[in-house]
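Just passing along the structure, written as C-alpha cells.
The values are calculated or read from the model by the stated rules, or taken from the named source; none is laboratory data. Nothing here was measured: the structure is a model prediction, and the numbers come from that model. Because the Cβ atoms are built from the backbone with ideal geometry, glycine has one as well, and the counts that use them run over all protein chains shown. All accessible areas refer to the heavy atoms of the entire protein, side chains included, with ligands and DNA or RNA removed. Shrake-Rupley method; radii C 1.70, N 1.55, O 1.52, S 1.80 Å.
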Amino acid sequence: MARLFSNLLALAGLVATVSARVACRSEAKTYEAEDGILTGVQVEKTQAGFTGTGYVNGFDTGTDKVSFKVNSDSIKLYDLTIRVAAIYGEKRTSVVLNGGASSEVYFPASQSFSNIAAGQVLLEAGANTIDIVSNWGWYLLDSITLTPSTPRPAHNIEAAPRNPAADDGAKKLYSYLRSIYGKKILSGQQELSYSSWIAQLTGKTPALISFDFMDYTPSRVERGTVGTSVEEALVHHNRGGIISFLWHWNAPTGLYDTEENKWWSGFYTRATDFDIASALSSTTNANYTLILRDIDAIAVQLKRLQQAGVPILFRPLHEAEGGWFWWGAKGPEPAKKLWLLLHDRLTNYHKLDNLLWVWNSILPEWYPGDETVDILSADVYAQGNGPISTQYNELITLGKGKKMIAAAEVGAAPRPELLQAYEAHWLWFAVWGSGFIDNAEWNTPELLKQVYNSEYVLTLDEIQGWRV
Ligand SMILES: *[C@@H]1O[C@H](CO)[C@@H](O)[C@H](O)[C@H]1NC(C)=O
C-alpha cells in the first residue's frame, strides 16, 4: 500500500499527459508465465498452443500465484492482456499491482489458449510487480502482455432517457448526470444509516444513496417484514440527494426455509426451487401470475416515490450473470425476458415514468438491449481501492460509448487519483454497508476522508440544485 500511495504523488502530472500519449502497438511486451516467480503452481507443456517454453497450471489454493517483474521507462498506463485457457469452465483471476490495488478478471470457458483483455495497469517508472493470483483458480496461464494504452475516445452519451414519456424529474436527473459524466464522480452509499456514519467520519454526506425494495417483496411481507426504505429515500430526496434502488427479490414461492437456507435468503438460487424459465414459459401458469403479483407490489412503492417527485435510478435483477440469484439461475434468456417483462409492466402498465433503468451485468449475451436501458453498471468487490478499470472498459464496449456507466456496488471506494489516471469514468460509486464501508480491510478511515474531500468526488453539498 505504501508503494501505491507514493505513486499518487506523481499522478497529477500523469493526468495532464494522458491525453498527449501516442499509440504505439509495437511497444507491446509479452512476459511468459513460466519465467515468472511461481508460488504453489508449476510449469507444464501438455496442453498445445502455448507460447514460450510452457504454461503454468495448479492454481488450486487462494495464495497460488505467478509474479511478473515488469519495467516501465516512466509512470505510464498500459493495457494488460492475459493469455489463458479456462479448460474446466469459466473462471476468475485477481490481478494485483505492486502489492496494492487488485482487480478481478473474468475468463470465459475455452478449450484452447486465447488472449483476454484484462483492463489496465498504471506502472511506475522502474521496476513493478504484477501478480496473477488464483481467485477461482483452475485455469492454465500462458503469458501476459503489456501495451501502452491509447487515450480513451470521447463519450457519445445518448441525449435523453429511453422512455419517451419520462417525466420531468427523470429527464432532469438524466441531463444532470450527463453534464457531469467523465468530469466528476458521484459519491454513493448503500443505506441511509451509513450515510450518517460517513458524514460523522468525513464531514461530507454521499450525493447518492442506494436503497433496497427487499422487504416489500410479498414472500417476505407474508412472513412479517415491514419495508422502510421508501421513507428513508424520501429523507435523502428532501435534502437534495439522488436516489437509487435495487431489489433483492425474494422468490415468489418455493422457498426452502431450512436451517441452511432461511426464507429471508430467498433471493438466492440456493434457497429456492423457483424456476424462472418455466415460470415465464406461458402467461397463464400460476407462477407467471405470482411474478406479476410481485412486480405490482413494488409498483405500489415506486408510485409513492413518483407522487413525491422522486426520480429513481432503478437497478432490478442485479448481478444476473453471476447466477447466484434465482433470476440469473437459468442463464441469460429467461433473465432478459424477465427484465423486459418488468420494464414493460412498470413503464407501460403502471406508467412509472420516474425511472432511469440501470442494467447490472457485463456479458454481452445477458444484455437486454439498448431500448430498455439508460445506464450500464457493474458490482465489483475487489480490495485495494483501485479504479475497477477492467469492468469499466468492458462496459464501454457493451454500451459502445453511448451509455453512462456506474459502479453500482463496490466493496472498496475507488481512489479519485486513480480514476482520473485510468480514465475510468464511473458515474457513481456506491459502497456496500455492513462489513465494507466500516471495515478497514476494505476502506480505511483515512482513505474515506480523502475520497470524500476530493475535488473529483461530488458530495451532497456539491450537487444541490441539480433538480432546477
Ligand atoms: C411454481 O413454482 C413452485 C416452486 O418452484 C413449484 O413447486 C410449482 O410446481 C410451480 N407451479 C407451476 C404451475 O409450475
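Against the longest principal axis of the chain, how steep is helix 332-344, in degrees 0 to 90 to the nearest 10, with axes from Cα atoms?
40 degrees
Still on this structure: Just tell me which lysines come within less than 29 Å, Cα to Cα, of LYS45; anything on the same chain fewer than 8 places away is out.
Those lysines meeting the cut-off are LYS29, LYS65, LYS69, LYS91.
What is the percent of Cα-Cα separations in region 237-306 that go past 20 Å?
Numbers: 1059 of 2415 pairs.
Looking at region 237-306, the distances longer than 20 Å represent 44 percent of pairs.
Using a 10 Å cut-off on Cβ atoms, rank the peptides 58-68, 321-331 from the highest mean neighbour count down. Don't skip to the answer; put the middle values down first.
On the way: 58-68: 16.9, 321-331: 19.1.
Ranked from most to least packed, the peptides come out as 321-331, 58-68.
Continuing with this model, one more query. How much area per residue is accessible in the chain when the probe is 1.4 Å and only protein heavy atoms are counted (Å²)?
Working: 17990 Å² over 468 residues.
Here the residues of the chain average 38 Å² of exposed surface.
Same structure, new question: With +1 on each Lys and Arg Cβ and -1 on each Asp and Glu Cβ, and nothing else charged, work out how big the dipole of the chain is about its Cα centre, in Debye to the nearest 20.
Details: 39 positive and 50 negative charges, 228 e Å.
The dipole magnitude comes to about 1100 debye.
Can I ask one more? Which pairs in the list LYS403/LYS449; LYS204/LYS402; LYS303/LYS402; LYS171/LYS402; LYS183/LYS336; LYS204/LYS403 are over 23 Å apart, alpha-carbon to alpha-carbon?
Numbers: LYS403/LYS449 30 Å; LYS204/LYS402 31 Å; LYS303/LYS402 29 Å; LYS171/LYS402 17 Å; LYS183/LYS336 32 Å; LYS204/LYS403 28 Å.
Violating the 23 Å limit, Cα to Cα: LYS403/LYS449; LYS204/LYS402; LYS303/LYS402; LYS183/LYS336; LYS204/LYS403.
Checking a compactness column here: for the chain, what do you get for Rg(Cα) / (2.2 N^0.38 Å), N being the number of residues? Display every interim value, and only then the final one.
Details: Rg = 22.6 Å, N = 468, 2.2 N^0.38 = 22.8 Å.
It is 1.00.
Right, here's the next one. Specify whether the C-alpha gyration tensor of region 240-385 places it in the rounded, prolate or oblate class, a ≥ b ≥ c being the square roots of the eigenvalues: rounded for a/c under 1.5, otherwise prolate if a/b is larger than b/c and oblate if not.
Numbers: a/c = 1.42, a/b = 1.18, b/c = 1.20.
It comes out rounded by the Cα gyration axes.
Mind checking which aspartates and glutamates have their C-alpha under 18 Å from LYS330, skipping anything on the same chain fewer than 8 residues away?
Within the straight-line limit of under 18 Å, LYS330 reaches these aspartates and glutamates: GLU90, ASP273, ASP275, GLU319, GLU321, GLU365.
May I pose another question? In degrees from 0 to 90, rounded to the nearest 10, what is the angle of the helix 229-238 Cα long axis to the longest principal axis of the chain?
With both axes taken from Cα atoms, the answer is about 80 degrees.
Ok, one more. Regarding region 28-148, what is the average projected area of its C-alpha convex hull, in nm²? The partial results should precede the final answer.
On the way: hull surface 25.4 nm².
The directionally averaged projection comes out at 6.4 nm².
If I compute solvent accessible area with a 1.4 Å probe over the protein chains, what percent of it on region 28-148 is carbon and sulfur? All intermediate terms of the calculation are to be shown ahead of the outcome.
Values: 2400 of 4630 Å².
About 52 percent, which is the carbon plus sulfur part of the accessible surface.
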